[in-house]
Amino acid sequence: MRTRHWLSQKLALIIGFALIITAPFAAYRYDLAAAVLFGATAVLCFAVHRFFLSSDKSSEGQVAAPANIFTESQHEQFEPGATMQILQKSEKEFRNAFEFAAIGMALVSPVNEFLRVNRSVSEIFGRTAENLLNTGLLSLVVAEDADSVKLSLANLLNGVVQSFQSDTRFLRKNGETVWLRLSASLITGQPGEVPHFILQFEDITDRKNTEDRLLHNALYDVLTDLPNRFLFIDRLQVAVNRVRRDPTTRLTVLHVDFDRFKLINDRFGQQLADRMLVQASQRLRKILRATNTVARLGADEFAIFVEDGSFEEILSIVGRIRQELSRPFDLEGQVMYATVSIGVAIGSATYESPEFLLRDANTALKQAKRSGRDRYEIFVDEMHSRSIDFLQMETDLRYALERGEFRLFYQPIVTLESGILAGFESLVRWDHPTRGFISPAEFIPIAEDTGLIIPIGEWILRESCRQLRSWQTISNRSADLWVSVNVSSKQFVQFDLVALVASALEETGLEPRCLKLEITESTMVENIEYVASVMKELKLTGVKLSIDDFGTGFSSLSILHRFPLDSLKIDRSFVSQIKDAETPVEIVKTIVTLANSLDLEIIAEGVETIEQLSQLRQLGCKYGQGFCFATPLAADTVGELLGLSPASSAFYYLLPASSLTSQPIMH
């Protein structure tokens with residue numbers, strides 16, 4: 001019996017010491033309530049030990065206890081006075097653990113007043129302990145989070161939950177907002193005692209800021225800080241759902257894309273092109289209301305959706321976008337002009353997905369591009385079938401070159417004064433296996449958009465040089481003939497045009513003077529300095545250079561002298577305005593005068609009537625081409641005509657007989 005008493009008192013003593021030692025750690029790891037529970041249990045263990053110790057001393061006739069494993073001094077420390085000292089020491093250790101804990105700790109009353117705070121809490125809030133003790137907890141919570149904290153504390157006090165944890169925004173004394181992870185539990189104490197909250201505060205501001213940055217980067221474009229495609233689709237889905245619930249709600253999507261932006265990127269570099277996009281995004285923000293959403297979908301593409309906008313308001317927005325984005329962009333002292341094409345899709349309750357609405361806006365955008373750019377198109381259902389045809393044509397076009405489906409036709413260019421054949425313009429046609437011959441007006445824009453114009457253009461150049469050299473071997477009279485080849489703007493910027501031309505001439509044996517390269521006016525004004533430098537290099541090879549469709553672009557007459565030109569072509573739209581042989585068209589007269597002053601040869605295209613021919617000769621235009629002389633001819637036909645004997649060289653004289661008809665003369 002005494003042995004069991006002895007073991008019980010020792011076990012109670014050991015457990016009591018263990019609880020006293022671990023109480024401060026419990027306060028830090030869990031909460032203050034746990035520490036108090038550990039201390040109270042330790043006191044109970046010491047009381048049990050004292051009970052068994054007294055019981056052993058009062059017993060008589062019992063077997064002596066086993067040999068005492070404690071010394072006398074060790075027994076003394078477990079006397080009542082020593083126990084009180086241990087408890088006082090443990091309380092001191094607990095207070096130190098509370099006060100110097102790395103995490104913020106506080107006791108709060110049921111009415112949310114601070115009763116006690118440690119140093120970390122003071123540091124977190126930037127306030128002294130005295131200031132906090134005179135401050136209510138909820139007054140430090142950001143207004144938007146206060147109701148949630150108040151409800152959680154009420155649930156804790158009413159026993160609905162045992163504890164709670166939340167990420168909450170608090171205000172420091174200087175007004176700065178900090179994110180704190182708030183952990184709370186309730187100390188109930190003895191029956192009748194007022195309960196208290198014990199709170200822990202962990203500063204997670206840096207973590208939250210990192211999370212916010214990551215989330216922002218996932219939803220917003222890094223360059224322009226506009227919503228990206230993902231966020232745009234997400235917001236558009238909400239708008240589409242609203243329209244499906246209420247079909248009277250209006251919703252419109254605009255798809256905006258810069259025209260020939262890749263040329264700007266290639267010419268000025270990505271850094272300046274990116275600055276242009278930033279400026280463009282700022283202009284778009286100013287145009288739109290706060291309720292409208294503008295996003296950057298990628299590259300030079302922007303998307304906008306407008307809710308509850310009337311048709312007139314949509315057209316007004318489209319007009320302002322075109323106006324704002326056509327204003328000059330200042331790129332580190334370099335001024336750049338640009339135009340945009342816009343596709344418009346008007347939403348309705350039939351749209352189930354935002355992707356479909358954006359798809360239709362993109363279809364309208366592509367139609368605007370194909371229609372000449374710098375314009376807008378509103379989506380209609382017929383565009384779907386045209387879009388499908390476009391995609392099919394793009395697919396067929398990728399195989400047309402390797403299948404040998406392209407054909408070159410050659411339209412004669414005639415000396416107007418004498419009627420003698422001077423040269424040809426090579427014109428490409430696509431001999432589609434199922435659709436027959438397709439006009440370049442249909443497939444060239446697709447080739448330019450897809451980049452296929454590069455290999456197609458190279459084939460045209462090499463084949464034109466080869467064909468003319470072949471004709472020159474037929475007759476000595478063909479030696480001075482030349483061929484004009486159109487050069488795409490993309491050929492200027494995407495590969496070494498000079499090397500290609502030199503290679504084609506060397507490969508075919510054609511003299512450089514017999515090759516004339518035609519560059520559109522729009523190509524020249526897009527990249528004046530760059531195009532001028534390439535043209536100078538081309539001139540060093542000995543080839544001739546000409547402006548195609550002059551008068552239809554936006555070039556200033558004052559910059560023509562910067563290009564090493566040999567000739568210019570008057571666009572057919574001006575020639576067609578000549579109605580009789582007496583009244584000159586002022587624009588044609590002006591172009592001829594300008595060309596003569598710059599010592600440039602003049603070629604008029606689209607000459608179809610005797611009256612037009614007569615006027616052009618009177619104005620001093622040197623060359624002409626058109627149905628008045630001949631339609632574009634197949635290579636075999638040209639070869640047969642050039643093979644005529646010198647005695648019957650009718651083909652070399654293509655002036656129409658002086659007839660009285662004013663109708664176009666078709667050959």
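The values are calculated or read from the model by the stated rules, or taken from the named source; none is laboratory data. Fair warning: this is a prediction, and the values are worked out from it, not measured in the lab. Calculation scope for accessible area: heavy atoms of the full protein, side chains included, ligands and nucleic acids excluded. Shrake-Rupley method; radii C 1.70, N 1.55, O 1.52, S 1.80 Å.
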For E511, residues with placed amide H under 5 Å, excluding near neighbours: none
Carbon and sulfur %, accessible surface of the range 319-452 computed with the full protein complex present, 1.4 Å: 49
For the range 102-117, 3J(HN,Hα) per residue [Karplus equation, 6.51 cos²θ - 1.76 cosθ + 1.60, θ = phi - 60°, Hz, x = Gly/Pro]: 5, 9, x, 9, 7, 9, 10, 6, x, 9, 6, 9, 5, 9, 7, 9
Compactness of the range 476-553 as Cα Rg over 2.2 N^0.38 Å, two decimals: 1.12
Sequence-separation-based contact order of the range 457-568, relative, with Cα cut under 8 Å and 6+ spacing, percent: 25
Value of relative contact order over the range 586-638, rounded to a whole percent, pairs C-alpha under 8 Å and six or more apart: 36
Cut-off under 5 Å, modelled amide H: who pairs with G620 long-range: none
Stretch gain in nm, segment L594-S475, where the contour uses 0.36 nm per residue and the Cα spacing is subtracted: 39.2 nm
The range 99-169-the range 598-637 distance, computed between alpha-carbon centres (Å): 91
Where the range 166-210 is the region considered: accessible area per residue in Å², 1.4 Å probe: 52
For T339, residues with placed amide H under 5 Å, excluding near neighbours: D259
Whole-number accessible area per residue in Å² for the range 364-406, which is evaluated in the context of all protein chains at 1.4 Å: 57
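Wrap a convex hull around the Cα atoms of the range 238-307, take a quarter of its surface area, and give that in square nanometres. Write down the numbers at each step before the final one.
Working: hull surface 21.1 nm².
For the range 238-307, the mean projected area of the Cα convex hull comes to 5.3 nm².
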The range 306-414, relative contact order [Cα under 8 Å, separation at least 6], %: 19
